[in-house]
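**Student:** Dropping the structure in here first, questions after.
The values are calculated or read from the model by the stated rules, or taken from the named source; none is laboratory data. Quick caveat: nothing in here was measured; it's all calculated off a predicted structure. Virtual Cβ from ideal backbone geometry, glycine too; neighbours counted across all protein chains shown. Ligands, DNA and RNA are stripped out before the accessible areas are found, and what is left, the full protein with its side chains, is counted by its heavy atoms. Shrake-Rupley method; radii C 1.70, N 1.55, O 1.52, S 1.80 Å.
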Amino acid sequence: MNTAIINEDKKIFTQLTTSRFLKYVGFNTTSDRHEEATPSTPGQWDLAKYLVEELKGLGLKDIELTDHCYVIARLPASPGKESIPAVGFLAHLDTSSEVSGENIKAQVIENYDGKPIILGAGLSLDPAADADLAAQKSKALIHTDGSTLLGGDDKAGIAAIMGAVEYLLKHPEISHGTVELIFTPDEETGKGLPEFPLATLKSKACFTLDGGPIGELEIECFNAWGANIKFTGKSMHLGTARGIMANAASMAASFAAMLPRSESPEATDAYYGYYCPLEIHGDIENAVLEVFIRDFDSKGAERRVAALDVFARAVESQFSGGKVSVQAKAQYFNMKEKINEKPEILEKLKTAFNNLGIEIHQKPIRGGTDGSRLTELGIPTPNIFTGGRNAHSRLEWVSIPEMAAACQLTAELIRLWGNN
């Protein structure tokens with residue numbers, strides 16, 4: 001067995017990822033869930049085009065940038081390995097719109113002293129309140145300056161994949177089959193690969209690099225629905241409104257208040273699902289409330305979707321003349337069942353973890369990835385750690401050694417896949 005990857009100096013993978021990551025976070029790739037087009041924002045094109053040029057610079061020839069900003073590239077098989085089924089690695093280009101991703105000022109700490117890290121805007125990272133951060137003492141990490149998110153979700157994943165490709169190109173003695181590299185737009189919007197060119201994909205299995213702490217392995221995720229609830233009221237002069245006016249803004253607020261507080265993101269963890277009101281706006285005549293529904297059990301998700309109609313009728317009964325309509329749409333589904341149908345994929349992945357001495361922490365994703373949708377489309381796609389923490393937040397940070405470990409794991413997994 002070729003053990004070059006296993007015995008490689010960890011500093012090599014740090015060098016392959018850190019500078020890349022710092023470059024990638026310089027691109028403002030915030031997505032916009034209100035925009036129907038894919039990609040939803042122009043900044044995602046900038047990063048996609050940069051990655052295409054970087055891949056060309058590494059020597060890859062088979063590279064495609066689709067009309068909808070999907071980057072698909074192939075690392076060709078080593079001589080004699082052409083018949084081995086292709087394997088794919090995914091990461092997404094966009095960052096969450098919940099916090100600004102413009103003009104990110106990444107801060108690098110080479111040797112963390114274990115003390116609180118003071119950010120701007122009165123924010124700080126406190127190891128006393130964050131055991132993961134405390135565990136980074138004497139290690140290197142990257143954090144924000146408090147004015148934006150960092151973009152580790154998912155540019156740490158992109159950096160790990162790109163670093164693994166460069167490593168393998170520099171080590172042709174490590175044989176492998178065909179490897180597909182896939183970088184996708186608008187993962188954060190929950191669209192679920194709407195324009196993905198599935199027919200062009202050769203991979204029989206894929207892996208997303210879109211997780212958190214080292215060792216994290218995820219094969220199950222939420223069933224996800226999104227709902228737009230529209231409220232139609234009746235306007236009347238406020239002085240003569242009694243018995244006539246139906247206030248759509250009040251209707252929306254009443255509906256939001258009916259969502260169980262015990263079934264909200266901030267009140268649940270582990271396998272508990274939730275309702276989450278994301279956005280509310282309107283006036284007396286018209287208002288709109290956007291709600292996300294998440295549940296690991298498909299019937300639980302369907303129960304929550306049905307409950308929205310019950311809440312709608314309850315609001316109508318309170319506001320005479322007012323109307324409420326619920327438009328719910330499935331976004332993605334739990335990938336566990338389909339991944340379990342191909343146990344050899346997890347076996348290969350767990351072997352890669354074990355070879356590198358990384359302890360596996362298997363847990364459910366309280367969210368979803370593009371791998372969730374790809375699994376639904378027939379290509380099993382587990383999710384792997386990247387070293388990121390506090391995603392979608394001004395408190396976001398990335399562990400440099402853990403991002404490097406994700407890069408090394410990717411290279412080792414490619415090597416193992418080539419031994420099929």
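**Student:** Confirm whether SER250 is in a helix (DSSP H, G or I), surrounded by fewer than 23 Cβ atoms within 10 Å (Cβ to Cβ), free of Cβ contacts under 8 Å to residues at least 12 places away in the same chain and out of contact with any Pro (no Cβ under 6 Å at 6 or more places or on another chain).
**Tutor:** No.
**Student:** Also, quick follow-up: Just one of (1) open to solvent by less than 40 Å² (accessible area, probe 1.4 Å); (2) modelled with pLDDT of 95 or more; (3) assigned to a loop (DSSP other than H, G, I, E, B) trips up ASN103, so point out which.
**Tutor:** Condition (1) is where ASN103 drops out.
**Student:** How many residues are of a type in the set (S, T, N, Q) and either farther than 13 Å from TRP397 by Cβ or exposed (fewer than 13 other Cβ atoms within 10 Å of the Cβ) (or both) when one looks only at the range 125-147?
**Tutor:** Selection size over the range 125-147: 2.
**Student:** Quick one: what pairs do we get from the range 279-303, first residue without any contact (Cβ under 8 Å) to a residue 40 or more places away in the chain, second open to solvent by 90 Å² or more (accessible area, probe 1.4 Å), C-beta under 9 Å, 6+ apart or different chains?
**Tutor:** If the second residue must be open to solvent by 90 Å² or more (accessible area, probe 1.4 Å), the pairs left are GLU279/HIS34.
**Student:** Output yes when any residue across the range 335-347 is outside any helix (DSSP H, G or I) and of a type outside the set (Asp, Glu), and no when none is.
**Tutor:** yes
**Student:** Under 6 Å between Cβ atoms, at least 6 apart or on separate chains: pull out the pairs that start in the range 82-102 with a residue that is among the β-branched types (Val, Ile, Thr) and end on any residue that is open to solvent by 10 Å² or more (accessible area, probe 1.4 Å).
**Tutor:** These pairs meet every condition: ILE84/ASN420; VAL87/TRP417; THR95/THR30; VAL99/ARG394.
**Student:** Can we say ILE84 is closer than 18 Å to LEU201 by Cα, at pLDDT 95 or above, surrounded by 15 or more Cβ atoms within 10 Å (Cβ to Cβ) and out of contact with any Lys or Arg (no Cβ under 8 Å at 6 or more places or on another chain)?
**Tutor:** Answer is yes for this residue.
**Student:** Any chance the range 200-212 includes a residue that's of a type outside the set (A, V, I, L, M), touching a Lys or Arg at 6+ places or on another chain (Cβ under 8 Å) and open to solvent by less than 30 Å² (accessible area, probe 1.4 Å)?
**Tutor:** yes
Yes/no per residue for (1) open to solvent by 30 Å² or more (accessible area, probe 1.4 Å); (2) more than 15 Å from GLY152 (Cα to Cα); (3) touching a residue at least 24 places away in the same chain (Cβ under 8 Å):
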residue	(1), (2), (3)
TYR24	no, no, yes
THR38	no, yes, yes
LEU47	no, no, yes
LEU55	no, yes, yes
LEU60	no, yes, yes
LEU65	yes, yes, no
HIS68	yes, yes, yes
VAL71	no, yes, yes
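**Student:** Please work out if THR351 is within 30 Å of LYS191 (Cα to Cα), part of a helix (DSSP H, G or I), in contact (Cβ under 8 Å) with a residue 24 or more places away in the chain and of a type in the set (Ser, Thr, Tyr).
**Tutor:** No.
**Student:** In addition: Inside the range 1-22, can you point out the residues that are surrounded by fewer than 19 Cβ atoms within 10 Å (Cβ to Cβ) and in contact with a strand residue (DSSP E or B) (Cβ under 9 Å, 6 or more places away or on another chain)?
**Tutor:** Of everything in the range 1-22, just one residue is surrounded by fewer than 19 Cβ atoms within 10 Å (Cβ to Cβ) and in contact with a strand residue (DSSP E or B) (Cβ under 9 Å, 6 or more places away or on another chain), namely LEU22.
**Student:** While we're looking at this one, here's another question. What number of residues in the range 378-390 are more than 16 Å from VAL87 (Cβ to Cβ), assigned to a loop (DSSP other than H, G, I, E, B) and either open to solvent by 20 Å² or more (accessible area, probe 1.4 Å) or among the basic types (Lys, Arg) (or both)?
**Tutor:** Residues meeting the conditions: 1.
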